[in-house]
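Undergrad: Take a look at the following structure, please.
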Amino acid sequence: MIYFKQSEGHYYEEILPDLSLIEKTIVRIERGELAAGRHQLTESLTVAIFSYETAKEIERNWEAHEHHLDVHVLLKGQESVGFAATEGLKKENVDKVNDSYEFQADSDNYWKLEPGERLVIFPNEGHKTGISTGVSMTVSKAVFKIKG
């Protein structure tokens, strides 16, 4: 997992070659040039743009991906994101088409994500998104998926 502010992105361009295109796409989203939904940006890069209500931690599921990494970008609102190691845990609800699986875990590792921040989640890093930071709110988000 890598967390950084938008202004710090240049530090990560060498290990995340798609970062420049991701940042340009975020500008397009903020200008209203890309609507909600899934968009194929390159052969190996997609973005899903969506909104949802944050919820209590117990109402959200742990998930991870085997092959691709995620770059989470909150456009509006704030949410907590949980992190957990997946090693040795039983995979549930495996979805090979969307490269995702769920699992059960206990974790005290949470991060508050706000607009202007980037969260990179690598394959097999467990995460639980959409957790309210005290009060449920509507968040808008873009999740970029980079095929590995």
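The values are calculated or read from the model by the stated rules, or taken from the named source; none is laboratory data. Remember, it's a predicted structure, so these values are computed and weren't measured experimentally. Ideal geometry is used to build each Cβ from the backbone, glycine not excepted, and the neighbour counts take in all protein chains shown.
Undergrad: Do the conditions hold for Val120, that is, is it farther than 18 Å from Val73 by Cβ and among the β-branched types (Val, Ile, Thr)?
TA: no
Undergrad: Here is a further query. Being under 22 Å from Ala48 (Cα atoms), touching a Pro at 6+ places or on another chain (Cβ under 6 Å), part of a strand (DSSP E or B) and at pLDDT 95 or above narrows it down to one residue among Leu119, Leu74; which is it? So that I can check it myself, show each step before the final result.
TA: Numbers: Leu119 fails: touching a Pro at 6+ places or on another chain (Cβ under 6 Å).
When all the criteria are applied, what remains is Leu74.
Undergrad: May I pose another question? Report whether or not Ser136 is under 20 Å from Phe50 (Cβ atoms) and in a loop (DSSP other than H, G, I, E, B).
TA: For Ser136, the condition - under 20 Å from Phe50 (Cβ atoms) and in a loop (DSSP other than H, G, I, E, B) - is met.
Undergrad: For the condition surrounded by 14 or more Cβ atoms within 10 Å (Cβ to Cβ), over 15 Å from the mean Cα position of the chain (by Cα), touching a residue at least 12 places away in the same chain (Cβ under 8 Å) and closer than 22 Å to Val139 by Cα, what is the one hit in Leu34, Leu41?
TA: Numbers: Leu41 fails: closer than 22 Å to Val139 by Cα.
After ruling out the rest, the residue left standing is Leu34.
Undergrad: Report every pair of residues separated by at least 6 positions or lying on different chains whose Cβ atoms are under 7 Å apart, first residue within segment 97-125 and more than 16 Å from Ala64 (Cα to Cα), second not in a strand (DSSP E or B).
TA: So the pair list comes out as Lys112/Gln78; Lys112/Thr133; Leu113/Gln78; Glu114/Gln78; Gly116/Gln6; Arg118/Gln6; Arg118/Gly9.
Undergrad: Still on this model: Of all residues in segment 62-89, count the ones that are over 12 Å from the mean Cα position of the chain (by Cα), surrounded by 16 or more Cβ atoms within 10 Å (Cβ to Cβ) and acidic (Asp, Glu).
TA: Residues flagged as over 12 Å from the mean Cα position of the chain (by Cα), surrounded by 16 or more Cβ atoms within 10 Å (Cβ to Cβ) and acidic (Asp, Glu) within segment 62-89 amount to 0.
Undergrad: Just to check your reading of the model, which residue among Glu92, Glu59 is more than 17 Å from the chain's Cα centre (by Cα), surrounded by fewer than 16 Cβ atoms within 10 Å (Cβ to Cβ), under 13 Å from Thr129 (Cβ atoms) and of a type in the set (Asp, Glu)? It would help to see each step written out before you state the result.
TA: Numbers: Glu92 fails: under 13 Å from Thr129 (Cβ atoms).
After applying the criteria, what remains is Glu59.
Undergrad: Same structure again: Between a residue in segment 1-19 that is farther than 12 Å from Arg118 by Cα and any residue that is among the hydrophobic types (A, V, I, L, M, F, W, C), which pairs come within a Cβ distance under 6 Å, given they are 6 or more apart or on different chains?
TA: That search, which allows pairs on different chains as well, returns Glu13/Leu19; Asp18/Leu45; Asp18/Ile146.
Undergrad: Is it the case that segment 111-122 has a residue that's in contact with a strand residue (DSSP E or B) (Cβ under 7 Å, 6 or more places away or on another chain), surrounded by 14 or more Cβ atoms within 10 Å (Cβ to Cβ), closer than 29 Å to Pro17 by Cβ and among the β-branched types (Val, Ile, Thr)?
TA: Yes: one or more hits.
Undergrad: Right, next: Which of (1) surrounded by 13 or more Cβ atoms within 10 Å (Cβ to Cβ); (2) at negative phi does Asp99 not meet, given it meets every other one?
TA: (2)
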